[in-house]
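The values are calculated or read from the model by the stated rules, or taken from the named source; none is laboratory data. Every value quoted in this text rests on a predicted model; they were computed, and no experiment measured them. Because the Cβ atoms are built from the backbone with ideal geometry, glycine has one as well, and the counts that use them run over all protein chains shown.
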Amino acid sequence: MATARSTTNSDIHSQLNGYVTDYLTKHMYDANTSWPLRKTIRLPKQAELEAHYTHIRAQDEAIRNWAQQHHCETSEKPKSSPAESSDKPANSSTR
């Protein structure tokens, strides 16, 4: 997604629609398509969040509204702290 300052709700909806359309077009004939389709939307860095909180919050609502209108599930995956990361073995995976 584009930076918080330059993205409108309409842009967000267009980007999400484009992502789904592109994925479905690209994988139309795949025998083993991964489903459900997942899209990771990264959070902004702390400085950007602090500077543009209201706008970023509105974007979050736009994403959630789009998902609800399209009967999509949303979830949040918290970031692990550096201390938590260092406790895990190097080859571990989180699922």
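What the table shows:
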{"read-out": "Residue check for residue 66: at pLDDT 75 or above and in contact with a His (Cβ under 6 Å, 6 or more places away or on another chain)", "value": "yes"}
{"read-out": "Candidates 84, 50, filtered to the one that is modelled with pLDDT of 90 or more and of a type outside the set (Phe, Trp, Tyr)", "value": "50"}
